[in-house]
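For reference, the structure is listed below as structure tokens.
The values are calculated or read from the model by the stated rules, or taken from the named source; none is laboratory data. All figures in this text were calculated on a predicted structure; none of them were measured in a lab. Here the Cβ positions follow ideal geometry from the backbone for every residue, glycine too, while neighbour counts run over all protein chains shown. Accessible surface is based on the protein model in full, side chains and every heavy atom, while ligands, DNA and RNA are left aside. Shrake-Rupley method; radii C 1.70, N 1.55, O 1.52, S 1.80 Å.
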Number of protein chains: 2
Amino acid sequence: MATSSLRKYAAVSFTDVDITGDFWRERLDTVLKRTIPSQYKKLVEYNMIEAMKVVQPPPPLTIPRNNHNFTTQIFWDSDIGKWIEAASYALRHGPDKDIEAKIDEITELLAKAQLPDGYLNCWYIGREPENRWTNMRDNHELYNAGHMLEGAIAYFQATGKRRLLDIMEKYVDHIATMFGPDPDQKKGYCGHQEIEIALMKLYHLTGDKRRLDLCAYFINQRGAQPHYFDQEARARGDDPKNYWHKTHEYSQSHMPVREQKNVVGHAVRAFYMLTAMADLAADLGDKDLKKACETLWKDAISKKMYVTAGFGPSAHNEGFTSDYDLPNDTAYAETCATVAMIFWAQRMLNLDLDSQYADVLERGLFNGGLAGLSRDGTTYFYENRLESNGKDTRWAWHNCPCCTMNVSRLVASIGGYFYSVGKSTLAVHLYGGATGHVTVVGVKVKITETSDYPWDGKIKIKIDPEKDAKFALKLRIPAWGQKKAKAALNGKSIAVSKGLEKGYLTINRAWAKGDVVTLDIPMEARRIYANPAVRADVGKVALARGPLVYCIEQVDQKAPVSNISITAKTKLKAKRKGKLLGGTTVLEADASSLSRKQWEGSLYLDLPPVEVPAKLTAIPYYQWANRGANAMRVWINEK
Amino acid sequence: MATSSLRKYAAVSFTDVDITGDFWRERLDTVLKRTIPSQYKKLVEYNMIEAMKVVQPPPPLTIPRNNHNFTTQIFWDSDIGKWIEAASYALRHGPDKDIEAKIDEITELLAKAQLPDGYLNCWYIGREPENRWTNMRDNHELYNAGHMLEGAIAYFQATGKRRLLDIMEKYVDHIATMFGPDPDQKKGYCGHQEIEIALMKLYHLTGDKRRLDLCAYFINQRGAQPHYFDQEARARGDDPKNYWHKTHEYSQSHMPVREQKNVVGHAVRAFYMLTAMADLAADLGDKDLKKACETLWKDAISKKMYVTAGFGPSAHNEGFTSDYDLPNDTAYAETCATVAMIFWAQRMLNLDLDSQYADVLERGLFNGGLAGLSRDGTTYFYENRLESNGKDTRWAWHNCPCCTMNVSRLVASIGGYFYSVGKSTLAVHLYGGATGHVTVVGVKVKITETSDYPWDGKIKIKIDPEKDAKFALKLRIPAWGQKKAKAALNGKSIAVSKGLEKGYLTINRAWAKGDVVTLDIPMEARRIYANPAVRADVGKVALARGPLVYCIEQVDQKAPVSNISITAKTKLKAKRKGKLLGGTTVLEADASSLSRKQWEGSLYLDLPPVEVPAKLTAIPYYQWANRGANAMRVWINEK
């Protein structure tokens, strides 16, 4: 991998981390044993595997075209690619010959479908070969390629098998002939960013600089005028004014990326693009690109983020609206958007080891991200409401199943988010039970974390270098725990506040086998308030403990969740419940509710409802909607 | 008019009431001089008048078909009919040869279009004559007929001209041959109730019992099984399962009307139906029908009414959802639904002189109804939000302009809502400046109201019978004013609370020329709270004064409306502002807001926002959105 002055850190690969702790092990086992197999069944059931056979005449559509004459079937390749990616990460944690055989079968279908020039998109090859590369705006051709490429890379990393990777590299070679600055090349890019991430991964895997160049080309072309999507529409005989999304903000191609100051449009597209931009900035040493990432990060985090790290309030554009517009009951907050934010945050950490990035990464992971997957691992949320009137239920599949495999690939690759290595630094971002096998300053180091995180903030970190090695160990102290966190090295306490550098406790020393650092980050139930500009949260409070944002679900309350309120002084009590929801920590409080006695038959009266005592029991947000349809609230009334 | 034991009262016609007071005179003048002419211009501009010429080949559609292959152009006849109706009411208040000429021109177009058998629907005659009466569920054929018939009746009442009425009676004769119990007749009814109201009006005008029978047939057929709309769909070769609204609740034909216990579906359809049902119950002496009306009234009023008397929270079905589901920022609350409720409430008053009906009538009139029309009389709201983030603006026309003419016909016929006459009773429902020319116990009585209502609760009512006459004068004392209302007869005070019968102060005596009753209903600013089951209004309070519900509009505040809060004890001060919005009474209060100083750059913090003093100025809800796009709230945070 090329390094530049801007790439300060590299994440330790999922291949080098064992997950041992209860919390992630349970989620991981569920994904391995239930999610990945059940997703494959759905791919079969929905004819998605069959569709890769590219038979003639093409079979009738499984997903009917919508009002815009569009079918989500056009991006089935991406779903298959994402499933391969998730399954490959899973294989790292437990070999499964059956899953491997399925991926190999898919590989052969792709090999058979691939055209001699390398082109490989099952929809176009089977249904409209004459139209390939004619509608970059809508038809996700490069998006499909990107996801399949990510799948191929993950499969290679997990198994060492490179047939699928070879196929996809051949396709990338073809793409590189089609798009670029030469007069006979197309000046386009994909309406749904994604291939940019995959190209960066391929570059990091192979060191082939052509991949970096192609990624840079796609990023740099975005927003160039005359607008490619408009030219392309006219070439198709279509009036650009007919564009159903009306604005190229939808795909963040309304202006060159370096000039963008506000995160706009489709949230997943935005964050996939920003993931690649941050990666590209690091490898190119492009300060302007880095600056654009930082500007857009600040905008996203300080004006557009749900407390669960959900993003994109609107179903209309699956994305952003105006600053501070964060409605709870209609929150779109697509699971994919949180997952994409996690990708982006991880790339930002390579540029600058600042815990603001890892804190958001963790917020997404434990809240908006995990919420997308049911406890049993077979049902999902696409939209992640922060308030439900009891009508939101998880679904087993979706006409656009993007979120299903995004959450499974996130969980299955969780090991890849724990550690980063810099020039002479080993950084720890996440806590839980895990063992990393890393190389720092040329020395192999085993790092063993033991903790019951996120339920408990006591963390033991054992450092075992192959031989004594001098490097800085950087341990993220989450913002919520910085005031009271304690640390000790081999039993001797360390002043946390003094050693904090951008949120990381830095211990610089010569490390020897058996060195132990302990952290104690007290997990007290705490309150979160929103900026008063967030209309939806005025007069409300959210509860949290450690990295977990809490919610009140109707099934745990006697009073209606909409009537429950607490005061700013209400005592919150954390209680470990080993059996509830497979193990959780609830928050309990004496709250108040509103009596309905006086209201029989009356809709409006001139006296306020009478308050009555009530109990409140809150559970972690990610665990909601696992006990049937249920009213729920993250933001609780505060009196 | 036939009378039965159930019709206790009859409303005094708009033709017999002069409007003299400032409040309604201003609205009336605006409608006469600006709304009616500007609406005619729109009818021309949108080719709606031209479409009545029924030329061959038919011109291209003005309103493109939607995803369901439906165009609102199919009910243009109804819009024309409603404009004629509104214009006719207006003519009562100020002759206008130009408007009369336009109605006469339209009459001639209709005369020319009418088929020899009496059929008269410009869409079908011009575009698909072979399909008439084949899609009662979707295509509004009888709805169109009903509105045009109402227009014809109003024009006859206002001018004595009966050519249009003759045309429409001929059409009704045709309809009566098509629908009915005979084996060769269709067993159907309209998907959008409306003709039922018109048939009752025609019956009351002409005494022709066939009109009553046809109305009863349509009402009684509703919900009969096998379901007519399903049979009809199959006859068209369409699968009933393809029905885009999925359920016949949408058109209240899911079960026989007498069995319905909950108001469901499309709000305007429901209330138009209930208007006719109440009328029919009175004339038929049908106690079951009356009971059904009462049951559904209670359901609507105690579980489904916005505080503004808006109805139907959902855009999806333009109607009802679940009990107490009254979101403010997404409130649909179609203007037409409030107008339709006013019609229904008026019919309920004929069955039972209970001020609960007149109170809701008044609530609708001064709030959800009037809010639909701009101050200048040329722009409209279709949806009436109770909370706006500043993006809701009035429109000058709509692809479905039903609300425009519903609000103008309501205002232009306002005189028709003031008085009712019973066997030996004269009832007064509304206050303001008005003079009614009524006949009670066979004696002509002039009733002259003088007041500055709704700004002031001091009301003077002069009773001038042609000769001394013994009857009961019943004066509605609104529920909000019953505690403190005072009354006097010829200067001598009357105990209000003792004389109240179902909310009407009853004065039974021999009336002589020059008798004067005065009422003093103190108008104090007051608070309204919602049933705690209304999730959207928990922790909030609405302000009102007299019949007017208030709101805070951003243009009048320094603090953001979403951050303003008051306490249960905050003093509210009413202040007359002669120039603001053409004259209004505002409510002012010392409130608090939330400081944003500490929040620069932060979206979430662990301490609540700091409260800071703020001022609140509330205006009547019906006057909002007359000063540009503006954030607004009816329900204000209460600390």
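Efficiency by 1/(1 + (r/R0)^6): what FRET value for A:Lys467 and A:Thr62, r their Cβ-Cβ distance, R0 = 56 Å, to the nearest 0.05?
Numbers: r = 58 Å, r/R0 = 1.04.
According to the calculation, E is roughly 0.45.
Just the number, please: buried accessible area between A and B, total of both chains, 1.4 angstrom probe, nearest 100 square angstrom. Can you show the working numbers first?
Values: alone 24780 and 24770 Å², together 46140 Å².
Answer for the A-B pair: about 3400 Å² buried.
What is the total of Lys pairs in region A:571-627 with C-alpha atoms under 20 Å apart, excluding same-chain pairs fewer than 8 positions apart? It would help to have the intermediate numbers written out before the result.
Working: A:Lys571/A:Lys615; A:Lys573/A:Lys615; A:Lys575/A:Lys615; A:Lys577/A:Lys615; A:Lys597/A:Lys615.
Pairs that pass both the separation and distance tests number 5.
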message: For chain B, what does the helix formula give at 222 nm: sum of -39500 (n - 2.57) over DSSP H segments with n ≥ 4, over the residue count, nearest 500 deg cm²/dmol?
response: -10000 deg cm²/dmol
- request: Provide the per-residue ³J(HN,Hα) series for region B:130-144, in order, calculated from phi with Karplus coefficients 6.51, -1.76, 1.60 and θ = phi - 60°, each as a whole number of Hz, with x at glycine and proline positions.
  value: 5, 9, 4, 6, 10, 9, 5, 5, 10, 9, 6, 4, 6, 4, 4
task: Roll a 1.4 angstrom probe over the protein heavy atoms and tell me the percent of accessible area of region A:171-315 that is carbon or sulfur.
output: 50
- line: Residue by residue through region A:104-109, the couplings from Karplus 6.51 cos²θ - 1.76 cosθ + 1.60 with θ = phi - 60°, in Hz, x for Gly and Pro, are 5, 4, 4, 4, 5, 4
query: Ignoring ligands and nucleic acids, what accessible area does A:Cys122 show with a 1.4 Å probe (Å², nearest 10)?
result: 10
query: Can you give the convex hull volume per residue for the Cα atoms of region B:419-545, as a whole number of Å³?
result: 117
- request: Could you calculate the contour length gain from B:Asp98 to B:Lys513, that is, 0.36 nm times the residue separation minus the distance between their Cα atoms, to one decimal place in nm?
  value: 145.4 nm
task: Counting only heavy atoms of the protein chains, get the accessible area per residue of region A:206-308 (1.4 Å probe) and round it to a whole Å² value.
output: 38
Zero-based 10 Å bins, Cα pair distances in the protein assembly as shown, whole percents: 2, 8, 15, 18, 17, 15, 11, 7, 4, 2, 0, 0
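When N is the residue count of chain B, what does its C-alpha Rg come to as a fraction of 2.2 N^0.38 Å? Walk me through the numbers before you get to the answer.
On the way: Rg = 24.8 Å, N = 639, 2.2 N^0.38 = 25.6 Å.
Here the Cα radius of gyration is 0.97 times the empirical estimate.
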Residues of region A:117-137 with amide N under 19 Å of the 7 Å Cα→Cβ point at A:Asp208: A:117-121
query: Got the A:His254 label distances to the other copies yet, label 7 Å along Cα→Cβ, in nm, shortest first?
result: 4.1
task: For region B:435-515, with all protein chains present and a 1.4 Å probe, just round the carbon and sulfur fraction of the accessible area to a whole percent.
output: 50
- prompt: Placing a label point 7 Å from Cα toward Cβ, how far apart in nm is A:Ile494 from its equivalents in the other copies, listed shortest first to one decimal?
  reply: 8.8
query: Using r as the Cβ-Cβ distance of A:Asp18 and A:Lys639, and R0 as 60 Å, what FRET efficiency do you calculate, to the nearest 0.05?
result: 0.80
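Return the FRET efficiency for the residue pair A:Phe70, B:His227: r is the Cβ-Cβ distance, R0 is 35 Å, and the value is rounded to the nearest 0.05. Walk me through the intermediate numbers first.
Numbers: r = 34 Å, r/R0 = 0.98.
FRET efficiency, A:Phe70 to B:His227: 0.55.
Of B:Glu318, B:Glu130, B:Glu150, A:Glu249, which has the most accessible area and how do the rest follow, probe 1.4 Å? Write down the numbers at each step before the final one.
On the way: B:Glu318 40, B:Glu130 130, B:Glu150 5, A:Glu249 75 Å².
The most accessible residue leads, giving B:Glu130, A:Glu249, B:Glu318, B:Glu150.
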query: Looking at B:Tyr622, B:Ile564, B:Pro608, which one has the Cα that reaches farthest to the positive end of the dipole of region B:525-638 (charges on Cβ: Lys, Arg +1; Asp, Glu -1)?
result: B:Tyr622
- request: Once the label point is placed 7 Å from Cα along Cβ, list for B:Thr15 the distances to the corresponding points in the other copies, in nm, shortest first.
  value: 9.3
query: Using alpha-carbon positions, what is the distance between the centroids of region A:116-176 and region A:11-60, in Å?
result: 19
query: Whose amide H sits under 5 Å from the amide H of B:Leu426, counting only residues 5 or more places off or on another chain, with H placed in the peptide plane?
result: B:Ala472, B:Leu473, B:Lys474
task: For region A:564-570, just list the computed ³J(HN,Hα) in residue order, Karplus coefficients 6.51, -1.76 and 1.60, θ = phi - 60°, integers in Hz, with x standing in for Gly and Pro.
output: 6, 9, 10, 9, 5, 10, 3
message: Can you compute the modelled spin-label distance between B:Asn490 and B:Val610, with each label point 7 Å from Cα toward Cβ, in nm?
response: 6.8
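Direction-averaged shadow area of the convex hull around the Cα atoms of region A:38-142, nm²? Don't skip to the end; give the middle numbers.
On the way: hull surface 30.0 nm².
Spelled out: convex hull of the Cα atoms, projected over all directions, averaged, 7.5 nm².
Report, in debye and to the nearest 20, how large the dipole of region A:462-513 comes out about its Cα centre when Lys and Arg carry +1 and Asp and Glu carry -1 on their Cβ.
Details: 13 positive and 4 negative charges, 43 e Å.
Taking the Cα centre of region A:462-513 as origin, the dipole is about 200 debye.
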task: Among DSSP beta bridges whose residues both lie in chain B, state the antiparallel percentage, nearest 5.
output: 90
statement: Spelling it out for A:Lys486: with amide H atoms placed in the peptide plane at 1.01 Å from N, the residues 5 or more places away or on another chain with amide H under 5 Å from its amide H are A:Asp520, A:Ile521
field: Taking only Cα atoms of region A:340-496, radius of gyration then Dmax in Å
entry: 18.0, 58
query: Label points 7 Å out from Cα along the Cβ direction at A:Val443 and B:Lys33: separation in nm?
result: 9.2
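Considering every residue in A:561-571, what mean count of other chain Cβ atoms within 10 Å of its Cβ is obtained?
On the way: counts 1, 9, 5, 1, 2, 0, 0, 2, 0, 0, 0.
Per residue, the number of nearby Cβ atoms from other chains is 2 on average.
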task: Counting only C-alpha contacts under 8 Å and six or more residues apart, can you give the relative contact order of chain B as a whole percent?
output: 14
field: Beta carbon of chain B nearest to the axis of the rotation taking B to A, residue and angstrom distance
entry: B:Asn67, 2
- request: Could you name every residue in region A:517-557 that has 40 Å² or more less accessible surface in the full protein assembly than in its own chain alone (probe 1.4 Å, ligands and nucleic acids excluded)?
  value: A:Tyr529, A:Asn531, A:Pro532, A:Arg535, A:Val538
task: Using label points projected 7 Å from each Cα along Cα→Cβ, tell me how many nm separate B:Asp354 and A:Lys569, to one decimal.
output: 4.7
- prompt: Once amide H atoms are built 1.01 Å from N in the peptide plane, which residues 5 or more positions from B:Phe179, or in another chain, come under 5 Å H to H?
  reply: B:Lys186
message: Run the reach check for B:Lys502 against lysines, Cα to Cα strictly under 19 Å, same-chain hits fewer than 8 apart removed. What comes back?
response: B:Lys8, B:Lys290, B:Lys291, B:Lys298, B:Lys423, B:Lys474, B:Lys483, B:Lys484, B:Lys486
